[in-house]
Amino acid sequence: MFKALKSRNFKLFFYGQSVSVIGTWMQKTAVSWMVYSITGSVFLLGLATFLSMIPSLFLAPLAGSIIGRYDRHKTMILLQSMAMVQAGTLALLIYFKVYNITFILALTLIQGIINAFDMTCRQTMMIDIVDNKEDLPNAVALNSTLNNFARIAGPALAGIILHEYGEDVCFMGNFVSYIPVLISLLMMKITPHIKAENKLKMLDDLIEGLDYVKKETEMSKMLLMLTCSSLFVISFNTLMPVFAKDIFSGNAETFSWFESAAGIGSVLSAIYLANLKSAENMNKLVIGASLLLGFSVIILAVSSSMTIALICMTLSGIGMMGQTSSINIYIQTHSSVNMRSRSISYYMMAYQGMIPVGSLIIGYVSHFLGVRTTVAIQGVICILSVIVYVYYKKHKSLYRLENFYALLRFLHVKS
């Protein structure tokens, strides 16, 4: 399971990140709690989450173009330093009792912008820090395991700190957590990246990247399925507070059970992927994980038993992590060297960028159809996306977004 840790650079990266990602989740939890405590507004609470994720939708292609042209190691150090400054600024703001919601939301947006570049750079850098390329899938899976463990440990630790000390200590903890990351990055020995000679041309890069993904039909189909899942399925998590409080007559502790169950499922799925001996048959794993996600969400929607609901949340965590990580591993291992950063940026756009949009859509639809009906429809959409994926895979064809490509080429000619 830990064979990728034989690589010195990846080991440094893994140990440094193990502290930082817990700090990041602490800050996310503290920001949500603080925004709701200050304003009492569910809208502003949702807006804070939206601002932290939406930059990935618009900036991921730009991030892929830039990161592919410059030294990823140095870029990572710069991005982590910027994230550290953002955390420190937020800590100072709250320490001096400046509870200005506009400043807090602005800093949240800045964090989202940094993350749009950071996550693309982090994924792209995997190929540079793993000595044996056969260990790359294991490295991706270990990184997913780490992130999902932090998803459980970070909020739990934040809950204790918030109760005992306050939000500023959570933010200061996140600020300090960047120190091990920067130390580990500075200790790495990576062959310097050859800087691209041609200037950055965003539209040219976008067209070239889209053409590449278009030719890689298996990758295209996976990205389309991921886009559908992020937009219409994964956002079911947004409605879990309603399940906990209204449907199962629970409280904040009940909600934490739902979150923990999904987190445990994600960790189990990531551990399974980390133990795979090769990156073959990722498409079969994507199909199996997607079906598991769809059926577990449907059963969750109609369940009247808390036990069954929590089991479904665990299974949905397994399916969701299995789907997203399998697609990530496929892209990491099948992209050409000069296109890897752009391929990964499209992955981040399809995954992280679509989730906040999906959350807004699902929140709006559930207001009219009801929570249970909405979640059931999400599960059905997930299964239908698998059927479409399998159908096009059998027929060796893929729907082309010709109008979209024509528009891009028209803009290219005009420029």
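The values are calculated or read from the model by the stated rules, or taken from the named source; none is laboratory data. The shown structure was predicted, so the numbers you read here are calculated from the model rather than taken from an experiment. No Cβ is skipped: glycine too gets one built from the backbone with ideal geometry, and neighbour counts run over all protein chains shown. Surface accessibility is based on the protein's heavy atoms, side chains included, excluding ligands, DNA and RNA. Shrake-Rupley method; radii C 1.70, N 1.55, O 1.52, S 1.80 Å.
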With springs only between Cα atoms under 10 Å apart, run a GNM on the chain and tell me which of Met354, Met188, Met225 wobbles the most.
-> Met188
Rule-of-thumb check for the stretch 340-385: C-alpha Rg over 2.2 N^0.38 Å?
-> 1.44
May I ask you to list, by number, the DSSP H helices of the chain whose Cα span along the axis is at least 27 Å and whose average Kyte-Doolittle hydropathy reaches 0.5 or more?
-> 72-95, 101-124, 136-164, 167-187, 252-274, 282-302, 306-334, 371-394
To the nearest whole percent, what portion of all C-alpha pairs in the stretch 113-152 is separated by more than 16 angstrom?
-> 43 percent
For the chain, whose charge dipole is built from +1 on Lys and Arg Cβ atoms and -1 on Asp and Glu Cβ atoms, the candidate among Ala116, Leu105, Thr374 with its Cα farthest towards the positive end is Ala116
Compare Thr191, Thr314, Thr24 in a GNM of the chain, Cα atoms joined below 10 Å, and give the one with the largest fluctuation.
-> Thr191
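If you take the Cα atoms of the stretch 79-162, find Rg, then find the Kirkwood Rh from the mean of 1/r over all pairs, what is Rg/Rh? Please report the intermediate quantities before stating the final value.
Details: Rg = 16.4 Å, Rh = 15.2 Å.
That ratio is 1.08, to two decimals.
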Within the under-14-Å Cβ sphere about Phe96, not counting Phe96, Lys/Arg +1 and Asp/Glu -1 give a net charge of -1
If you project the alpha carbons of the chain onto the principal axes, what extent comes out on each, in Å, largest first?
-> 55, 50, 48
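Can you give me the Rg/Rh ratio for the stretch 306-383, using Cα atoms for both radii and the Kirkwood formula for Rh?
Values: Rg = 15.9 Å, Rh = 14.7 Å.
Ratio of gyration radius to Kirkwood radius for the stretch 306-383: 1.08.
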Could you tell me which of rounded, prolate or oblate describes the stretch 278-345, using a ≥ b ≥ c as the square roots of the eigenvalues of the alpha-carbon gyration tensor, with rounded for a/c under 1.5 and, failing that, prolate when a/b is larger than b/c and oblate otherwise?
-> prolate
Bins of 5 Å from zero: percent of alpha-carbon pairs in the stretch 66-117 | 4, 19, 25, 19, 14, 8, 6, 4, 0
Rounded to the nearest 10 Å², what accessible area does Ile247 show when all protein chains are kept and the probe is 1.4 Å?
-> 50 Å²
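Whole-Å semi-axes of the stretch 1-146's equivalent ellipsoid, largest first, each the root of 5 times a Cα gyration tensor eigenvalue? Intermediate values should be presented prior to the final figure.
Numbers: eigenvalues 197, 53, 37 Å².
In descending order the semi-axes read 31, 16, 14 Å.
Using alpha-carbon pairs under 8 Å, 6+ residues apart, how would you state the relative contact order of the stretch 1-153 in percent?
On the way: 118 pairs, mean separation 64.5, N = 153.
With pairs under 8 Å counted, the relative contact order is 42 percent.
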Over 29 Å between Cα atoms, which of Lys215/Lys284; Lys133/Lys221; Lys277/Lys393; Lys28/Lys214; Lys28/Lys245; Lys11/Lys74 qualify?
-> Lys28/Lys214
If r is the Cβ-Cβ distance from Phe96 to Asn281 and R0 is 41 Å, what FRET efficiency results, to the nearest 0.05?
-> 0.15
Per-peptide average of other Cβ atoms within 10 Å, ordering 319-327, 151-159, 113-121 highest first = 319-327, 113-121, 151-159
With every protein chain in place, what's the accessible area of Arg69 (1.4 Å probe, Å², nearest 10)?
-> 30 Å²
